[in-house]
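Participant: Sharing a structure here in structure tokens format.
The values are calculated or read from the model by the stated rules, or taken from the named source; none is laboratory data. Everything numeric here is computed off the predicted structure, so don't read it as measured data. We place every Cβ from the backbone using ideal geometry, glycine too, and count neighbours over all the protein chains shown.
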Ligand code: TYD
Ligand code: MG
């Protein structure tokens, strides 16, 4: 059932595509005819003098308003306020040294990934270091939050039990509490569960999410409170999700990984105060999240070296990371056969399979193909193509990359072109260096093989599948 919000005099409905303003909600925008684009917003408050203020700056200044006074940049004071280091090294590094007072950081991620854990840890450590903190939760009861904090107190974040908690979903109450308490750092968990009572839309709708973020940002800037805003990302990534906030906040961090697995990556997608080229790796333990500083060593040590396993020399932001890519090719009864991926893009696998079959003589036909990046790591770069292709080729032929008696796994990286050529990817040196550092001397790259066919020959040599050898 679709609930149609009723207009209140305080609300307007704005089309997110063309900006058309309507007094009531429509399924289709009366102006540009796009469907489902009208989102509720607070109506601008008419100001004395006739101008319409607020409303996202949509109203023009009325004639007669005092003109602003532009200031040369040289005369602008830019005090570099000291950063609030959370004590979680990977998080601080991503933030460019710690939280900036008065800033808004959006932490996105799918449910169960560990957002509440990470933010509780950050507050616990800050509280332990003598900062004032506030944890606002619209999702969980104080009792549930306490149970989590108990796990963390004994492990990753001593101080977690000292964090003041407010379980509240009403935006006005939350803003008033922040104004009264003036904490150094505040967590809002999550932006989708708070709601302004004067907007009719349910909490989590685009209009509400934007209103919550705007009001919180306003109070944060006035108080100098650093705010960590937690937001759920749905599988589609967009639905009333934190995407609508990306332009508003100072920094967007994305927590990724598979929630059943131990490893998670934290990535900066936008950063006004640091670089966006960085990634932190965490492991979820019983007593909280622990930074993983030797991820490559772990993944290489755990690599199986069985048919279908190849090590990918990936770049996670500005750091090289070695991860194992596994493939399984098995006869299928389904039409069309299954293509199941975890950790890579499904469309990329389709491309790799097509080029393997057309240009490298490796066909998986109508078999099911499964590809998995071990440890729950996600690699979103074309540089993963070659490792995926070699893993599939090994699985399809039942042979070990590098040969049965190779002592170390084969490592690979490179992009596959549609005509079967291998294309160079960024950071060739750093990837190769990382592979050599961990003893992976058999390296297949666009520099060692110009085509995918050549790369397959290099990785599997004259190796025959065990069945053919037995015959
Ligand atoms: P949570 O932080 O609640 O995820 P989110 O806020 O992103 O939805 O926690 C996710 C999972 O982590 C949850 O299933 C329990 C688990 N967990 C641990 O394994 N160890 C811990 O120390 C904690 C606090 C949670
Ligand atoms: Mg949570």
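Participant: Out of (1) touching a residue at least 24 places away in the same chain (Cβ under 8 Å); (2) farther than 24 Å from residue 268 by Cα; (3) in contact with a helix residue (DSSP H, G or I) (Cβ under 9 Å, 6 or more places away or on another chain); (4) within 16 Å of ligand 2 (Cβ to nearest atom), the odd one out for residue 146 is which?
Facilitator: (1)
Participant: Something else about it: If you scan the stretch 167-194, which residues turn out to be within 15 Å of ligand 2 (Cβ to nearest atom) and in a strand (DSSP E or B)?
Facilitator: 167, 187, 188, 189
Participant: Can you list the strands (runs of 3 or more DSSP E) found entirely within the stretch 261-312 that contain at least 1 residues being within 14 Å of ligand 1 (Cβ to nearest atom) and surrounded by fewer than 20 Cβ atoms within 10 Å (Cβ to Cβ)?
Facilitator: Of the strands (runs of 3 or more DSSP E) lying wholly inside the stretch 261-312, those with at least 1 residues that are within 14 Å of ligand 1 (Cβ to nearest atom) and surrounded by fewer than 20 Cβ atoms within 10 Å (Cβ to Cβ) span 279-285, 288-291.
Participant: So residue 94 fits all but one of (1) under 19 Å from the mean Cα position of the chain (by Cα); (2) within 16 Å of residue 290 (Cα to Cα); (3) within 16 Å of ligand 1 (Cβ to nearest atom); what number is the exception?
Facilitator: In the conditions (1) under 19 Å from the mean Cα position of the chain (by Cα); (2) within 16 Å of residue 290 (Cα to Cα); (3) within 16 Å of ligand 1 (Cβ to nearest atom), residue 94 misses (3) alone.
Participant: Being surrounded by fewer than 17 Cβ atoms within 10 Å (Cβ to Cβ), more than 14 Å from ligand 1 (Cβ to nearest atom) and modelled with pLDDT under 95: is that true of residue 56 here?
Facilitator: yes
So that you can scan it fast, the table gives a plain yes or no per residue for (1) within 16 Å of ligand 1 (Cβ to nearest atom); (2) at pLDDT 90 or above; (3) under 27 Å from residue 289 (Cβ atoms):
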position	(1), (2), (3)
151	yes, yes, yes
170	no, yes, no
174	no, yes, yes
183	no, yes, yes
186	no, yes, yes
196	no, yes, no
200	no, no, no
215	no, yes, no
225	no, yes, yes
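Participant: With 451, 445, 419, 441 as the choices, which residue is at pLDDT 95 or above and surrounded by fewer than 15 Cβ atoms within 10 Å (Cβ to Cβ)?
Facilitator: Step by step, each of 451, 445, 419, 441 is checked, and only 419 is at pLDDT 95 or above and surrounded by fewer than 15 Cβ atoms within 10 Å (Cβ to Cβ).
Participant: Spot the failing condition for residue 108; the list is (1) at pLDDT 90 or above; (2) more than 16 Å from ligand 2 (Cβ to nearest atom); (3) closer than 28 Å to residue 208 by Cβ, and only one is missed.
Facilitator: (2)
Participant: Still on this structure: Return the total of residues in the stretch 119-147 being part of a helix (DSSP H, G or I), buried (at least 20 other Cβ atoms within 10 Å of the Cβ) and in contact with a strand residue (DSSP E or B) (Cβ under 6 Å, 6 or more places away or on another chain).
Facilitator: Looking only at that region, the number is 6.
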